Amino acid sequence: ITGSSPQTVNYGASGTAVTATPATGYHFVQWSDGSTTNPRTDTNVQANISVMATFAANPPAQLVISTVPHGTAGVALSPSVTVTVEDAGGVPVIGDTNSVTLSITSGPGGFDAASTVTASFVNGVATFGNLILDTAGNYTLSAVDAGDSLSAGPSNTFTISPAAAQLVFTIQPADVLQGKTQATVAVTEQDQFGNVVTTDSASSVNFTVTACGNPVSLGSALMVSGVATLSNSSQRFYALASGLTVGAASSGSFTGSAISNTFNVTANGDILFSDGFDGCRL
């Protein structure tokens, strides 16, 4: 209360103005005698007057989603995402204990099943410390507080990057006729969730097959947006064989290796010649 309090006035005289000033996040409701005049000045005072001001917390008016950080596939976003319930003046409504739910507004995937997407307000702030996305890409989030009929979003755009990379054969070798080269094979740099590391266009991948215990190069290919493709390998296959595999090893900005499924070298009745490669029966 601001202004003179208490006041002493003569019978029939008037007092001076007093003002009920709310704290941040609150608003004036009324005086205990029912008056809603604020400031108030009591006039023609003929008896003692004692009144108390009543205040109430401001009602929830909006939700605010904190800046969402960039993250890595399969790892909880850090720092945690928060949603604040505020009054019309932008002050947190600290007495609100409702819950709020996050959802994906835009993006290539959904929340991992282990994610916690609903949280209650504590002092006006709901904290989400376990938001996990497994699919790499760009996302935005939205928030809904059903209890207060409030919503917010989309959030800022954030990026989920692939997790630790590995080489994976995405085009497996096919069976080969004697005297022919291996058809197209390809490996992709991706994480355990299948997200391709599209930023890699610098690594080189060497493809080999083992003959007589030694690797024989089939050729090499440069990564293009995380994919290395070898078409029509440099080595012809003349020896009948079964259960062969192609090995892939990358070097440069990414180092990794992979082994393909098995393939066979099958008979070709047109073969009339051979080279040194058929000296080893694979």
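The values are calculated or read from the model by the stated rules, or taken from the named source; none is laboratory data. Keep in mind that what you see is a predicted model, and the values were worked out from it rather than measured. Using ideal geometry, Cβ is built from the backbone for each residue, glycine included, and neighbour counts are taken over all protein chains shown. Accessible surface is based on the protein model in full, side chains and every heavy atom, while ligands, DNA and RNA are left aside. Shrake-Rupley method; radii C 1.70, N 1.55, O 1.52, S 1.80 Å.
A few notes on this one:
- Filtering segment 120-140 to residues that are closer than 22 Å to Ala88 by Cα and either touching a strand residue (DSSP E or B) at 6+ places or on another chain (Cβ under 7 Å) or modelled with pLDDT under 95 (or both) leaves Ser120, Phe121, Asn123, Gly124, Val125, Ala126, Thr127.
Rundown of residues vs (1) closer than 30 Å to Thr159 by Cβ; (2) at pLDDT 95 or above, yes/no style:
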| site | (1), (2) |
| --- | --- |
| Ile1 | no, no |
| Ser14 | no, yes |
| Ala53 | no, yes |
| Ala56 | no, no |
| Thr72 | yes, yes |
| Ala76 | yes, yes |
| Pro79 | yes, yes |
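- Among residues of segment 211-221 being assigned to a strand (DSSP E or B) and touching a residue at least 40 places away in the same chain (Cβ under 8 Å), the one that is nearest to Gly269 (Cα to Cα) is Ala211.
- For segment 248-281, taking the residues that are assigned to a loop (DSSP other than H, G, I, E, B) and within 30 Å of Ala163 (Cβ to Cβ), the one that is modelled with the lowest pLDDT is identified as Ser253.
- Count of segment 226-247 residues which are closer than 13 Å to Ala183 by Cα, open to solvent by less than 30 Å² (accessible area, probe 1.4 Å) and modelled with pLDDT of 85 or more: 3
- Qualifying positions in segment 1-41 - closer than 11 Å to Thr54 by Cα and over 50 Å from the mean Cα position of the chain (by Cα): Trp31, Ser32, Asp33, Gly34, Ser35
- All positions within segment 89-118 that are hydrophobic (A, V, I, L, M, F, W, C), without any contact (Cβ under 8 Å) to a residue 24 or more places away in the chain and in contact with a strand residue (DSSP E or B) (Cβ under 9 Å, 6 or more places away or on another chain): Phe111, Val117
- Spans of strands (runs of 3 or more DSSP E) in segment 91-209 with at least 3 residues open to solvent by less than 30 Å² (accessible area, probe 1.4 Å) and in contact with a Phe, Trp or Tyr (Cβ under 9 Å, 6 or more places away or on another chain): 137-145, 185-190
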